[in-house]
1. From the list A:LEU177, A:LEU199, A:LEU183, which residue is under 20 Å from A:THR51 (Cα atoms) and within 14 Å of chain B (Cβ to nearest Cβ)?
2. Kindly indicate whether A:VAL189 is within 24 Å of A:SER71 (Cβ to Cβ) and either modelled with pLDDT of 95 or more or surrounded by fewer than 20 Cβ atoms within 10 Å (Cβ to Cβ) (or both).
3. In this structure, does A:VAL96 turn out to be farther than 28 Å from A:ALA264 by Cα, out of contact with any Ser or Thr (no Cβ under 7 Å at 6 or more places or on another chain) and touching a residue at least 12 places away in the same chain (Cβ under 8 Å)?
4. Would you say B:ALA254 is assigned to a helix (DSSP H, G or I), at pLDDT below 90 and more than 14 Å from every other protein chain (Cβ to nearest Cβ)?
5. In the list A:ASP263, A:ASP258, A:ASP217, A:ASP242, which residue meets the criterion of being of a type in the set (Asp, Glu), surrounded by fewer than 16 Cβ atoms within 10 Å (Cβ to Cβ) and over 18 Å from the mean Cα position of the chain (by Cα)?
6. Using the structure shown, decide if B:LEU234 is assigned to a helix (DSSP H, G or I) and either without any contact (Cβ under 8 Å) to a residue 40 or more places away in the chain or not acidic (Asp, Glu) (or both).
Amino acid sequence: MTALAATAAATLAVRGVTVRFGGVVAVDDVTFDARTGEVLGVMGPNGAGKTTLFNVISGVQRPTTGDVSLSGTALTGRSVEDVAARGVTRTFQTPVMFWGLTVRESIEVAVAAREFGGTYPPAPYRELVPSGLGSSGRRRAESALRERADAMLARAGIAAMADRPTESLAFGEERLLELARALAVAPTVLLLDEPLSGLNPDEVEAVVASIRAARADGVAVLLVEHAVGELLAVADRVVVLDHGRMIAEGAPQAVAADPVVIDAYIGDELE
Amino acid sequence: MIESIWQYILAGVVVGAIYALIAAGFVLIYQVTGLINFAQGEFAMIGAMTAASLATAGMPVFEAAAIAVAAAALTGALCYVLAIRPARAATGVTLIFITLGLDVALRGLGLFVWGTNPLSLDPFTGGSAITVFGGKLPPQAMWVLLTDVAVFGALYLFFRHTYAGTAVRAAVANPPIASTFGIPLRTFAFWSFVVAAAIGGLGGVVIAPITSATYDMGLTFGLAGFVAAVLGGLESLPGALLGGFVLGIVTKVAGGLFSTGWEEAVGFVILVLVLVLRPQGLLGRAVRRA
């Protein structure tokens, strides 16, 4: 594959991204691609710049230099809403819930966001008509939305807690909901920030299954995770950051055997 | 004595229903934007004065009412677009001062357009007073109470049974994250002003046949609506409803038993007590925020 072809195939292109906070360089000239239907592991010790990198990709943080593009369209400089509307979705180290909504409603928000895109809601007057009072076409659309939400709940294995308020969820359940909510948007790029942290083995298995399913659906998954074994098992490629710089990139086992990576990160993790 | 108190309570229910509508406007805008809009009472003034002046000019009362509500909604839209949105990066205190400025400006506009003379509006329907367990209610009181049922019912349906309502609740719960799901916070902020203004305008229209309409009525209704919203819980629409009725009844009973001068004093005593003893209001709760 030529370099040009490789670039064309990239879903997400990160080019020379540097982020400085005063005198601190959080991300230092990082360049990589994340392709459709692959899981890209992002490894590195605490403070390596992984979350800052996610903030840059998702539009929360503007890079000092460099840029990010999605299928050739620049993301840098766009608002968080605009980046999200273009298919970039993320989860957080600490799960973020919509308190006051039920689990089902949280998924419905995401499904509706996918249906209506970045202009949601496209026609406020149309949304004012409750289900059952609108036209037959309207009812069919609402019914279809509800069915898709139910399917997402079942696929994520959280259908049993669909009607529970988010305030009642345990930490692991919050993680499962946050991931299901992110997937319900049908993202092009999914940024997962330590999705396995704090989970029991069953929950880890469920999250890993969801990540693999997303990959099979053609999503480019960027996975930040300190559970090195699980990350190496699920990732197709890995990039390693240390003090903001990218010190390695490649196949999981090759990266895991890289002395530089072992010295900077994996050695510490295994101790 | 008991008959008198019952009559005061009925009067309190009617005025409390209007307080509840104004309070609902406060809550809507506060929930969606985090802003306390002290110009909320002026939307009631715009509604009442517009309806009364149009009806006085010969327009049928329901047409006048519809135009008055639209005028209030338009005023709310202009307030947001011209005064709030350009200053969205300002601090909370600055925004509060902006709404206080809007309040003064709209009252001044009312004075300029309609003058100081009160305007009257005929009741929507005729008939004699309605007797409720010995107490009397004017026929217009039924329209006031029906308006509350319709407005709060519509708000309940919207928030609980539409996707847009769920999206608004998500935006209220966590604005930054909601925005990453394509939920347009600024659009919702705009519509919160429009709807709050329309509700306030509707409140002014339906109460005008009972109280008459004056250019400065917004100050009284605005302060009462604010107290009712705080009393019920600034983040709770059911709280706005409850707060409105409790405030209306307590102030009218106090005013009837002692002196009408006590009404506002009692209202502010309630405000202070709530802020000291239960700052989250009667139906408010300590919400977990991410």
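1. Working: A:LEU177 fails: under 20 Å from A:THR51 (Cα atoms); A:LEU199 fails: within 14 Å of chain B (Cβ to nearest Cβ).
Selected residue: A:LEU183, the only one of A:LEU177, A:LEU199, A:LEU183 that is under 20 Å from A:THR51 (Cα atoms) and within 14 Å of chain B (Cβ to nearest Cβ).
2. Working: within 24 Å of A:SER71 (Cβ to Cβ): yes; either modelled with pLDDT of 95 or more or surrounded by fewer than 20 Cβ atoms within 10 Å (Cβ to Cβ) (or both): yes.
Yes.
3. On the way: farther than 28 Å from A:ALA264 by Cα: yes; out of contact with any Ser or Thr (no Cβ under 7 Å at 6 or more places or on another chain): yes; touching a residue at least 12 places away in the same chain (Cβ under 8 Å): yes.
Yes, satisfied.
4. Working: assigned to a helix (DSSP H, G or I): yes; at pLDDT below 90: no; more than 14 Å from every other protein chain (Cβ to nearest Cβ): yes.
No.
5. Numbers: A:ASP258 fails: surrounded by fewer than 16 Cβ atoms within 10 Å (Cβ to Cβ); A:ASP217 fails: over 18 Å from the mean Cα position of the chain (by Cα); A:ASP242 fails: surrounded by fewer than 16 Cβ atoms within 10 Å (Cβ to Cβ).
The match here is A:ASP263.
6. On the way: assigned to a helix (DSSP H, G or I): no; either without any contact (Cβ under 8 Å) to a residue 40 or more places away in the chain or not acidic (Asp, Glu) (or both): yes.
Here the answer is no, as B:LEU234 does not meet what is asked.
Per-residue answers, yes or no, for (1) more than 19 Å from the chain's Cα centre (by Cα); (2) within 27 Å of A:VAL234 (Cα to Cα); (3) not charged (D, E, K, R):
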| residue | (1), (2), (3) |
| --- | --- |
| A:ALA144 | yes, no, yes |
| A:MET152 | no, yes, yes |
| A:GLY157 | no, yes, yes |
| A:ASP163 | yes, no, no |
| A:GLU167 | yes, no, no |
| A:PHE171 | no, yes, yes |
| A:ARG175 | no, yes, no |
| A:ALA182 | no, yes, yes |
| A:PRO187 | no, yes, yes |
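This table checks each residue for (1) touching a Leu at 6+ places or on another chain (Cβ under 6 Å); (2) modelled with pLDDT of 95 or more.
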residue: B:ILE130; (1), (2): yes, no
residue: B:GLY135; (1), (2): yes, no
residue: B:TYR156; (1), (2): no, no
residue: B:ALA164; (1), (2): no, no
residue: B:ALA173; (1), (2): no, no
residue: B:SER179; (1), (2): yes, no
residue: B:ILE183; (1), (2): no, no
residue: B:TRP191; (1), (2): no, no
residue: B:THR214; (1), (2): no, yes
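The values are calculated or read from the model by the stated rules, or taken from the named source; none is laboratory data. Just so it is clear, the model here is predicted, and its values are computed rather than measured. Quick reminder, even Gly has a Cβ in these numbers, built from the backbone with ideal geometry, and neighbours come from all protein chains shown.
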